[in-house]
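This report concerns only the one structure given below.
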Amino acid sequence: MMKKAATVVFALFWAAMIFFTAFGDRLYYAFKPRVEVGEVINFDGGAYLPKSAVFEESDGDYHTLSCVTFSVGQIVFALYRLESRLGDYT
Amino acid sequence: MKKARIFALSALCVLFVFPVFATALKSLSYGGAAPTLAAYRELFTTDHTYLKYFWNSVLYASVSTFLSVAISLPLGFLFAKVKFKGREALLFVFIAVMMLPFQATLLPNYIQLKSFNLLNTRLALILPAVFSPFAVFFLRQSIKNIPNEVIDYALLETSSAIKLFKYAVIPQIKPAICSLAILIFCESWNILEQALIFLPENKDIYPLSAVLESLPEDVKYAGGTVYMLPIIMLFLIFGDELQSSMKNYKI
């Protein structure tokens with residue numbers, strides 16, 4: 001009984017490894033928001049983002065920035081909550 | 001006296017098993033939250049380098065196991081059944097090398113790999129593991145138990161060495177081959193020093209054991225649990241065969 005259970009778990013383990021190797025990338029990006037940034041302007045110690053870079057949630061405004069983890073060659077987008085917004089003077 | 005022995009053995013069991021359980025339990029916490037699989041999600045969907053190193057380990061362990069068994073089988077048969085001059089002296093050399101810790105052969109292996117330009121390649125980890133004196137000794141012990149009459153009869157029926165192995169030798173020592181494969185797989189799965197010394201400039205082909213310590217803190221326990229799972233599963237599935245072959249072949 002123990003052997004059968006272990007064999008089943010073993011088979012499921014390898015199936016999970018193969019699944020995440022093939023589709024882990026797609027799964028990660030499937031649940032992240034798509035952001036299209038025209039151009040970022042760095043000025044006077046601050047960053048000016050296009051309006052399209054900001055998306056609104058029920059609890060505030062967010063934008064994403066890229067950061068590098070220990071995984072070399074892979075960029076991870078971190079979510080930042082905007083504390084304040086400047087008025088649009090254009 | 002019996003109760004004291006049972007208590008002492010139980011305490012030893014707890015001592016051995018506690019780190020495994022503690023790692024598995026800790027892997028279910030992520031950011032101090034209630035038991036969750038978030039650490040595994042982070043490990044498999046965010047960080048694909050973990051899976052790259054995992055498959056590196058699988059490659060090294062499975063190729064080393066297959067080649068080691070394939071090479072040790074004829075050698076074991078040679079030492080068990082074929083009489084030739086110097087057999088005992090050569091066997092003594094094998095046993096002596098088997099007794100040496102692998103650190104003693106690390107430098108000669110490094111020099112040989114360097115002269116063959118195999119450093120920083122996958123073969124640097126596979127080749128030293130393939131030629132294992134322990135595997136030869138183990139199979140020799142098991143092939144010794146095959147009656148000589150079976151070998152003689154098979155030789156009468158066929159003059160082919162391959163057919164002799166296929167029909168007379170391998171069916172008799174299947175449990176031993178299975179046990180040896182598990183032992184070599186476990187040994188190759190856990191290589192660390194060889195990876196650090198033989199692959200100094202090619203971290204992309206490191207086995208998983210060499211990169212576990214560099215995992216982020218919040219997924220370290222999940223990474224450790226996944227690393228342990230194949231070996232634990234192999235032992236649960238083939239544990240009986242391993243024990244019986246150790247007992248039958250007097251290892």
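The table below gives the values:
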read-out: Selection count, segment B:87-144, where residues are among the basic types (Lys, Arg), out of contact with any Gly (no Cβ under 9 Å at 6 or more places or on another chain) and open to solvent by less than 50 Å² (accessible area, probe 1.4 Å); value: 1
read-out: Candidates B:LEU43, B:LEU91, filtered to the one that is in contact with a Phe, Trp or Tyr (Cβ under 6 Å, 6 or more places away or on another chain) and within 13 Å of chain A (Cβ to nearest Cβ); value: B:LEU43
read-out: Residue list for segment B:154-208, restricted to those being over 15 Å from the mean Cα position of the chain (by Cα) and among the hydroxyl-bearing types (Ser, Thr, Tyr); value: B:THR158, B:SER159, B:SER160, B:TYR167, B:TYR206
read-out: Output for segment A:20-54, where each listed residue is open to solvent by 90 Å² or more (accessible area, probe 1.4 Å) and either at pLDDT 75 or above or part of a strand (DSSP E or B) (or both); value: A:ARG26, A:ILE41, A:ASN42, A:PHE43, A:TYR48
read-out: Criterion (out of contact with any helix residue (DSSP H, G or I) (no Cβ under 8 Å at 6 or more places or on another chain), of a type outside the set (Asp, Glu) and part of a helix (DSSP H, G or I)) met by exactly one of B:LEU139, B:LEU107, B:LEU155; value: B:LEU107
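Residue-wise test of (1) open to solvent by 80 Å² or more (accessible area, probe 1.4 Å); (2) under 30 Å from B:LEU236 (Cα atoms).
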position	(1), (2)
B:LEU155	yes, no
B:SER160	no, no
B:LYS163	yes, no
B:ALA168	no, yes
B:TRP189	no, yes
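Residue by residue, here is whether (1) out of contact with any Pro (no Cβ under 8 Å at 6 or more places or on another chain); (2) closer than 23 Å to B:SER132 by Cα; (3) within 14 Å of another protein chain (Cβ to nearest Cβ) holds:
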residue	(1), (2), (3)
B:LEU183	yes, yes, no
B:VAL219	yes, no, yes
B:PRO230	yes, yes, yes
B:LEU236	yes, no, yes
B:ASP240	yes, no, yes
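The values are calculated or read from the model by the stated rules, or taken from the named source; none is laboratory data. The structure presented is a predicted model; accordingly, all values stated were derived computationally and were not measured. Because the Cβ atoms are built from the backbone with ideal geometry, glycine has one as well, and the counts that use them run over all protein chains shown. Remember, those area values only see protein heavy atoms, side chains included, never the ligands or the DNA or RNA. Shrake-Rupley method; radii C 1.70, N 1.55, O 1.52, S 1.80 Å.
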